[in-house]
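All of the numbers you see were taken from the coordinates with simple rules; none came from a lab. Given the structure is predicted, the values throughout are model-derived calculations rather than measurements. So basically every Cβ, Gly included, is an ideal-geometry build from the backbone, and we count neighbours across all protein chains shown.
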Amino acid sequence: MKRHLLLAALAFAASTAPAFAHLDPTEHGSLMAGFTHPLSGLDHILVMVAVGLWSAQIGGRALWGVPAAFVGIMALGFGLAVTGIHLPFVEPAILASVVALGLLVAMAVRWQATTCAAIVGVFALFHGYAHGGELGAAGALPFSTGFVMATALLHVAGIGLGLGISRLPSGRIFSRLLGGLTAFAGLALIIN
């Protein structure tokens, strides 16, 4: 049990590493620029980990289906941005996703996997669109490959954290507390 707790703590620590500035694709390559992009904003990190936490709370098909839906719809949002299709309210939707997903974890909401996938999919569309808006000089395919990999790793960190703390005697409470802190952090981001 202590080993699972240690793994969960390590996954959480890795998922909340200090954000670094966007890398220049001409200097670091488009793949690395894409990979670091989701790691350079607290809003993105909080949402990706929250998706994993929520998936772990729900369990069953949602464990991997909900994060997979997020990644797939995020790629679609990226495609919208790259093709020049306008999507309104991108930043407000991203900030709302931090609060909403934090609250879903805090309330330990357990709906059908398809419903949960649809909810994260709506938010994923905006996150993907934001990534597309930051493409700059990077190549679209390597950049998108990079941010998809980073997003998936953050989801896995959230799943690992969720599964790890669920084994603790007060794991459900701790998981819900993390959701509440995520929602609170989202509100703080909105105010700033």
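So for Phe174, Phe35, Phe70, fewest C-beta neighbours within 10 Å to most, what's the order? Please report the intermediate quantities before stating the final value.
Values: Phe174 16, Phe35 22, Phe70 28.
If I rank by nearby Cβ atoms, fewest first, I get Phe174, Phe35, Phe70.
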Restricting to Cα pairs under 8 Å and 6 or more apart, the percent relative contact order of region 100-192 works out to 65
Between Ile85 and Leu168, Cβ-based FRET efficiency (R0 45 Å, step 0.05) works out to 0.50
Under the 7 Å Cα-to-Cβ spin-label approximation, Ala68 and Thr115 lie apart by a distance in nanometres of 2.1
Listing Ser170, Ser40, Ser97 by rising number of other beta-carbon atoms within 10 angstrom, fewest first, gives Ser170, Ser40, Ser97
